[in-house]
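In what follows, a single structure is set out as C-alpha cells and then discussed.
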Amino acid sequence: MRTLTSADLSLNTATVSKQWTLAECIDGCARHGIGGISPWRDKLQDCGVDRAAKLIRDAGLGVSGLCRGGWYTSEGALTQTVLDDNKRAVDEAAAIGAACLVMVVGGLPDGSRDIDGARAIVTDGLSATLDYARTVGVKIAIEPLHPMYAADRACVNTTGQALDICDRLGNGIGVALDVYHVWWDPDLAAQIARAGKDRLLAFHVCDWLNPTRDLLTDRGMMGEGVIDIPAIRSVVEAQGFDGLVEVEIFSAEDWWTRPADEVLAAMTGALPSI
Ligand code: ZN
C-alpha cells in the first residue's frame with residue numbers, strides 16, 4: 001500500500017461547500033499541498049467551465065472526478081432533457097480533464113414502487129451517456145450509494161450491482177467507490193477484485209459516525225468513525241489503483257460550520273487514518 005501524502009489527496013468541493021467557491025477551493029488546495037480537486041457541477045458552473053479549467057491547470061491540480069451526472073429517473077421515464085443534461089456533464093468533465101464523471105443514478109420516480117423499473121431506466125440512461133462519453137474520452141463512474149438512499153437518490157446500491165451494469169455496457173464505465181456507501185458490504189473485497197484496476201475509477205473517503213444524526217449531512221472526518229479505511233484502501237490499491245484519494249464530507253453541524261482552512265488542515269492531518 002502507498003504511503004499517502006497530502007499530494008495524493010483530492011478535495012471534493014462538497015467538503016467545504018458552504019464556505020468556498022471553486023476558485024477559493026483551488027487556492028486552498030495549493031496552500032495546503034493537496035494534489036487534486038473534484039468539483040460539483042454547481043460550483044463549476046458558478047465559476048465558468050473555461051475559467052475553472054484554466055485555474056485548475058495553472059494550480060497544477062489533478063481532477064479526480066466531476067460530481068455529478070445521473071438522476072435518470074428524475075422525470076419518471078428517461079427524457080431528452082435528462083439525457084441532454086448528462087451530455088453537458090460529460091462535456092464539462094472533458095473540459096476540466098476529469099478522471100471520470102461520477103454518476104448518482106437516481107432513485108424511484110415520484111409515486112413509484114417499481115424499483116426494478118427504476119433500475120432499467122438507469123441502465124438505459126447510462127448506456128446512452130456512455131455512448132457519447134466514449135466519443136470524447138470521458139470515463140463514466142457509477143457510484144453505488146448506501147441502500148438507505150435507494151428511494152430518493154440512487155437505486156444502484158452495491159458494488160456488485162454496479163459492476164453487473166458495467167459488464168452489460170462494456171468498456172469506458174466503472175465504479176466510484178465511496179467508503180461511506182460500501183464499507184458495510186460483506187462482498188466488498190471480492191467485488192473490488194472483480195472490478196480490477198480498469199474499472200476502479202475513483203476512491204472517496206470520509207467516515208461513518210455512530211450514531212449518525214442525519215442520513216445525508218452527518219459524515220465524519222477520516223478517523224472519527226467506524227470505517228476501517230486503510231483496510232479498504234489496501235484492497236483497492238492491491239488492484240493497482242494509484243489515483244487520488246478524494247475527501248468528500250457532508251457535515252451540516254460540524255465541518256461545514258468551521259473555517260475552510262481548518263477543514264483542509266484536518267484532511268491532511270487525517271492521513272494516518274486513510
Ligand atoms: Zn462519493
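The values are calculated or read from the model by the stated rules, or taken from the named source; none is laboratory data. Model, not experiment: these values are computed from the prediction. Ideal geometry is used to build each Cβ from the backbone, glycine not excepted, and the neighbour counts take in all protein chains shown. SASA here: full protein model, heavy atoms, side chains in, ligands and nucleic acids out. Shrake-Rupley method; radii C 1.70, N 1.55, O 1.52, S 1.80 Å.
From the list A265, A195, the one residue that fits, being part of a helix (DSSP H, G or I) and either more than 16 Å from the ligand (Cβ to nearest atom) or of a type in the set (S, T, Y) (or both), is A265. Restricting attention to the range 153-188, which residues are part of a loop (DSSP other than H, G, I, E, B) and over 17 Å from the mean Cα position of the chain (by Cα)? Of everything in the range 153-188, those that are part of a loop (DSSP other than H, G, I, E, B) and over 17 Å from the mean Cα position of the chain (by Cα) turn out to be G170, N171, W184, D185, P186, D187. For the range 58-94, a residue qualifies if it is under 18 Å from the mean Cα position of the chain (by Cα) and of a type in the set (A, V, I, L, M), and the qualifying residues are L61, V63, L66, A89, V90, A93, A94. Taking the range 218-229 on its own, how many of its residues are within 22 Å of A150 (Cβ to Cβ) and either in contact (Cβ under 8 Å) with a residue 40 or more places away in the chain or surrounded by fewer than 16 Cβ atoms within 10 Å (Cβ to Cβ) (or both)? Total meeting the criteria: 2. Pairing each residue of the range 249-272 that is free of Cβ contacts under 8 Å to residues at least 40 places away in the same chain and within 22 Å of A7 (Cα to Cα) with any residue that is open to solvent by 40 Å² or more (accessible area, probe 1.4 Å) and of a type outside the set (S, T, Y), provided the two are 6+ apart or on different chains, yields C-beta distances under 9 Å for G269/G223. Scanning the range 38-70 for residues that are in a loop (DSSP other than H, G, I, E, B) and within 18 Å of A89 (Cβ to Cβ) yields P39, G48, S64, G65. Taking the listed residues L55, L4, the one that is in contact (Cβ under 8 Å) with a residue 40 or more places away in the chain, over 16 Å from the mean Cα position of the chain (by Cα) and open to solvent by less than 60 Å² (accessible area, probe 1.4 Å) is L4, with no other qualifying.
Within the range 185-206, the set of residues being in contact with a strand residue (DSSP E or B) (Cβ under 8 Å, 6 or more places away or on another chain) and free of Cβ contacts under 8 Å to residues at least 40 places away in the same chain comprises D198, R199.
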